[in-house]
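The next block holds one structure in the form of structure tokens; read it before the comments.
The values are calculated or read from the model by the stated rules, or taken from the named source; none is laboratory data. Small disclaimer: the values here were computed from a predicted structure and weren't measured. Note that we place each Cβ from the backbone using ideal geometry, even for glycine, and neighbour counts take in every protein chain shown. For the accessible areas, the whole protein counts, side chains as well, though only heavy atoms, and no ligand, DNA or RNA atoms are used. Shrake-Rupley method; radii C 1.70, N 1.55, O 1.52, S 1.80 Å.
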Amino acid sequence: MNRTWFCRSGILLSICSALAPTAQSRGQAVKVPPNPQAPLINMPMPMGIQAGTRLELQLTGTRLNHPLAVWTDIPHAKVAIPMDNKNGTDPSKLRLSFEVPKDTPVGIYSFRLATRRGLSNVRLFCVDDLPQVLETGGNNTPGKAQTITYPCVVIGRVDQESDDYFKIAVKAGQRIAFDVLGRRLGGLIDPQITLLDDKGRQLPRAHNNDAPGCQTDCRLVYTFSHDGFAMIRIRDVEYRGGADYVYRLRIGDFPLATTPVPLVAKRGSKLKVEFTGLHLADAEPVVVTAATNPGVPAMLLSPKSKNGFFGWPVTLRLSDITQIVEQEPNDQLKTANRIPVPVGITGRFLKQRDQDHYTFSAKKGESFLIQATTYAYQADTEVLFGVKDKEGKVLARIDPAKTTSLGFVAPSDGDYTIFVEHLLYWYGPNEAYHLGIRKAEPDFELNLVTDRYDLPQRGHSVVFVEAARRNFNGPIELKVIGPSGLRGSATIPAGQNRALLPLECTLPPGAYAFQVAGSARINGKERIRMATADSAYRQALNNLSFPPPTCTAYQGLAVVEQAPFTLAGKCAPVETYRGKAVSLMLAVQRSPGFTDPIAVTPFVLPPNVKVPALTIPKGKNEIKTTLTPANNAPLGSHQLCFVGRTKFQNQDYLVYSPPFELEIVEPVVVTALPAVKLVQGSKANVKVAIKRQAGYNGPVVIEVRNLPANVQATKVTIQKGKTEAEIEIVAAANASVGTKNDVRVFASASEAKQSALSPPFTVIVDKKP
């Protein structure tokens, strides 16, 4: 279901699209064709395991037969596929065995299933220190409430137009925490919790719907006033229900943390982390050392109560730049915190109408980017910020209804101060924010179209990588980081925004994970950025706005059985110009006994180049056609990739070709010309040379443009097959005296209906003696 939700001010926060994942580059979308044989896993029950125990998990879904392996990011977990009782032969169900060490950190993890045909969708899976209790069913009225003992985590699923009831024994003065995880697990449920007395009456202030930082999940802490029994009512806020409406209800005496403080840590730093949230009196700060690996985007940290039970973990993001925590007092310009640039700041609004100030130095003309982040870091704080000069005059501020970032250019040398305040004037220890400031330097990000890939043994797969550039136009080197035996590298050329990264491996069939790293030289330093598939993960998790970054850091891979054919393509010649057709050949190698027709469609083509769907006929091994770049096709080197589909022995197969090249060039290139010196009333002969490309052999008309006033040049034609001609430049007696540096030769390749310009050259006219 496509869900839209709003922040506390009523401003639209995010809309998650239900469309298939696409990548956009130069106006042309790339869609990843779905693997028709990939397994699909329904929401599992239970969606987790207690640390130190073993669990048999019954999966349901489609195409679950012929399993190979399960991949999970739970450290040191043992996951097996039992082979008894014909397990693995039923496409609609599969039994797994999970075993998790006792010291496994509490938190949300993920797993995927690989079968002989492909890789499943991702499913989130919890590890908890609390014992698990399964909902028994039939507990949809107060009189049929399921009695449970705690501490525990209750695993339930709500039905449409129904409530779930549970009964617990309580004592006067006893304080209990309740934490419902549903939406955070990628489910569709928008849960709400209500506490009732043993007569079914709601207890005072014992209801919660959307808890801060929980993505519409609910939680509360309640102190009971009498001995006896209390009931817990769980339902979807809109009374929806079904297979994807699963929840985990944690009950016990544990902290309910919302965010860490600081929200972000510098990689490799050692720091003390505190927490915001509820019931934190017994939760001691934790000391951690941040990971140094750029492939690790975040760390999970759990607050621990004195009784030894952990609260649900919060996410500490990691960064390459210095991170600091706001130091009070900084309510005024004169008490502002002095900060370096670049820096990240974690701040909180601790008192009413709190306004925080941070001062930095700048040179005239220096450009800065200031970014506030809250919701993505599970802090439901809405901020307003801007920049003041040293006199306190506001020079710039954000419009919080439109953006949370601000570009600022220093008008002069000196100090400038960022002020930050709560948009709604709310305050308290939970009103946290992160503020980042850096110079507006060149940079880039890398995005992937999908989060899972299938790689046939002795075959190929491809990863479509798109670059979002920010004032950076250089090449980006891509490489695959993963298990030994998995290979892949490519380059996003200078000035281009995408590339196909081929995957090859010598791995046995099974389930794996990998990452894609991009590196580039920017201002003399290497900059590394990890590719993400956030949009694909959001879609896979029912449009969850902020999937766990510890889970989304990896892309899934299934090494599957060899397909009955391989596919390859090539353009002949590789080089062409706009409007000139080239031959496209697609060839297959068939396995013995496979003769069926193969449908071939483009996966990636250069922008404004079209190829129709094709079919390699039964028993044939190749097909030829032509492709013609349109007049607005971009110049440069482009990658092409095609997908072949067939049905063989009642199974559907989808096979990618390795990427191959097409170079779109200008039909002619004019070489640089030397400076030309003239005197009023004189003339000079200049040789113009061209380089013919992509087989263009026709005539080329040459004329000179942007000459000084009263200077003219002859118009000449370089004949067919020739590469140079001589032009005469004449300065009249009244020619404009001076130097003109933007003169160019215009070359028209008439038969190709295209033209080219030479690099600028200089014409100097001196006064006649």
message = Can you say whether Arg184 is open to solvent by 50 Å² or more (accessible area, probe 1.4 Å) and touching a strand residue (DSSP E or B) at 6+ places or on another chain (Cβ under 8 Å), as far as the supplied structure shows?
response = no
ask   = Here are Leu96, Leu64: which of them is assigned to a loop (DSSP other than H, G, I, E, B), under 21 Å from Leu557 (Cβ atoms), open to solvent by less than 10 Å² (accessible area, probe 1.4 Å) and not small (Gly, Ala, Ser)?
value = Leu64
remark   = Considering the range 187-208, residues that are over 25 Å from Asn543 (Cα atoms) and of a type in the set (Asp, Glu), and then whichever is most open to solvent (accessible area, probe 1.4 Å), we arrive at Asp198
note = Of the residues in the range 106-139, those that are within 18 Å of Gln539 (Cβ to Cβ) and polar (S, T, N, Q) come to Ser110, Ser120, Asn121
ask   = Only one of these conditions is not met by Gln327: (1) open to solvent by 10 Å² or more (accessible area, probe 1.4 Å); (2) closer than 24 Å to Val288 by Cβ; (3) touching a Pro at 6+ places or on another chain (Cβ under 9 Å). Which number is it?
value = (3)
task = Give just the number: which of (1) open to solvent by 50 Å² or more (accessible area, probe 1.4 Å); (2) over 27 Å from Thr550 (Cβ atoms); (3) out of contact with any Phe, Trp or Tyr (no Cβ under 6 Å at 6 or more places or on another chain) does Pro142 not satisfy?
result = (3)
ask   = Does any residue of the range 444-451 turn out to be under 21 Å from the mean Cα position of the chain (by Cα), in contact (Cβ under 8 Å) with a residue 24 or more places away in the chain and open to solvent by 70 Å² or more (accessible area, probe 1.4 Å)?
value = yes
request  = Confirm whether Asp652 is of a type in the set (Asp, Glu), surrounded by fewer than 15 Cβ atoms within 10 Å (Cβ to Cβ) and closer than 30 Å to Leu614 by Cα.
outcome  = yes
inquiry  = Here is a check on your reading of the model: is Leu662 touching a Cys at 6+ places or on another chain (Cβ under 9 Å), at pLDDT 95 or above and either surrounded by 13 or more Cβ atoms within 10 Å (Cβ to Cβ) or assigned to a loop (DSSP other than H, G, I, E, B) (or both)?
reply    = yes
Test: Glu751 is over 30 Å from Val582 (Cβ atoms) and acidic (Asp, Glu) = no
remark   = If we take the range 106-191, then strands (runs of 3 or more DSSP E) inside it with 2 or more residues that are free of Cβ contacts under 8 Å to residues at least 12 places away in the same chain are none
query = When you look at Ala756, is it within 46 Å of the chain's Cα centre (by Cα) and under 18 Å from Pro674 (Cβ atoms), yes or no?
reply = no
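Let's see how each residue does on (1) part of a loop (DSSP other than H, G, I, E, B); (2) open to solvent by less than 20 Å² (accessible area, probe 1.4 Å):
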site	(1), (2)
Gly698	yes, yes
Glu703	no, no
Glu726	no, no
Asp742	no, no
Ser755	no, no
Val765	no, yes
Lys768	yes, no
query = With Asp413, Asp454 as the choices, which residue is touching a strand residue (DSSP E or B) at 6+ places or on another chain (Cβ under 6 Å) and charged (D, E, K, R)?
reply = Asp454
ask   = Quick one: in the range 395-415, which of the residues that are of a type in the set (Val, Ile, Thr) and within 20 Å of Glu382 (Cα to Cα) is least open to solvent (accessible area, probe 1.4 Å)?
value = Ile398
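Those residues that are on the phi > 0 side of the Ramachandran plot and of a type in the set (S, T, N, Q), I need them from the range 508-523; list them, please. Walk me through how you get there before you give the answer.
Here is the first cut: in the range 508-523, the residues on the phi > 0 side of the Ramachandran plot are 510, 523.
Asn523, the sole residue that qualifies.
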ask   = in a strand (DSSP E or B), among the hydroxyl-bearing types (Ser, Thr, Tyr) and farther than 30 Å from Val127 by Cα, is that true of Tyr427?
value = no
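Each row is one residue, and each column tells you yes or no for (1) touching a helix residue (DSSP H, G or I) at 6+ places or on another chain (Cβ under 7 Å); (2) under 21 Å from Val30 (Cβ atoms); (3) surrounded by 15 or more Cβ atoms within 10 Å (Cβ to Cβ).
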| site | (1), (2), (3) |
| --- | --- |
| Asn473 | no, no, no |
| Gly488 | no, yes, yes |
| Ala494 | no, yes, no |
| Thr506 | no, no, no |
| Ala520 | no, no, yes |
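Yes or no, residue by residue, for (1) modelled with pLDDT under 95; (2) of a type in the set (Phe, Trp, Tyr); (3) over 28 Å from Phe178 (Cβ atoms):
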| position | (1), (2), (3) |
| --- | --- |
| Ala265 | no, no, yes |
| Val273 | no, no, no |
| Ala281 | yes, no, no |
| Thr292 | no, no, yes |
| Pro297 | no, no, yes |
| Leu300 | no, no, no |
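Quick one: is Lys722 free of Cβ contacts under 8 Å to residues at least 40 places away in the same chain, of a type outside the set (S, T, N, Q), open to solvent by 30 Å² or more (accessible area, probe 1.4 Å) and out of contact with any strand residue (DSSP E or B) (no Cβ under 7 Å at 6 or more places or on another chain)?
It is true that Lys722 is free of Cβ contacts under 8 Å to residues at least 40 places away in the same chain, of a type outside the set (S, T, N, Q), open to solvent by 30 Å² or more (accessible area, probe 1.4 Å) and out of contact with any strand residue (DSSP E or B) (no Cβ under 7 Å at 6 or more places or on another chain).
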key: Complete set of residues in the range 455-469 that are open to solvent by 10 Å² or more (accessible area, probe 1.4 Å) and at pLDDT below 95   = Pro456, Gln457, Arg458, Gly459, His460
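Looking at the range 378-394 only, could you name the residues that are open to solvent by 50 Å² or more (accessible area, probe 1.4 Å) and either touching a residue at least 60 places away in the same chain (Cβ under 8 Å) or more than 16 Å from Glu421 (Cβ to Cβ) (or both)?
Answer for the range 378-394, where residues must be open to solvent by 50 Å² or more (accessible area, probe 1.4 Å) and either touching a residue at least 60 places away in the same chain (Cβ under 8 Å) or more than 16 Å from Glu421 (Cβ to Cβ) (or both): Lys390, Glu391, Lys393.
Are there any strands (runs of 3 or more DSSP E) wholly within the range 209-322 with 2 or more residues that are over 27 Å from the mean Cα position of the chain (by Cα), surrounded by fewer than 20 Cβ atoms within 10 Å (Cβ to Cβ) and not β-branched (Val, Ile, Thr), and if so which?
Once the strands (runs of 3 or more DSSP E) in the range 209-322 are filtered for at least 2 residues that are over 27 Å from the mean Cα position of the chain (by Cα), surrounded by fewer than 20 Cβ atoms within 10 Å (Cβ to Cβ) and not β-branched (Val, Ile, Thr), what remains is 228-236, 270-278.
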query = Taking the range 599-618 as the search range and keeping residues that are open to solvent by 40 Å² or more (accessible area, probe 1.4 Å) and at pLDDT 95 or above, which one is nearest to the chain's Cα centre (by Cα)?
reply = Ala599
ask   = Restricting the range 571-591 to residues that are surrounded by fewer than 16 Cβ atoms within 10 Å (Cβ to Cβ) and touching a residue at least 40 places away in the same chain (Cβ under 8 Å), which is nearest to Asn608 (Cα to Cα)?
value = Gly579
ask   = What single numbered condition from (1) under 30 Å from Asn35 (Cβ atoms); (2) among the small types (Gly, Ala, Ser); (3) buried (at least 22 other Cβ atoms within 10 Å of the Cβ) fails to hold for Ala432?
value = (1)
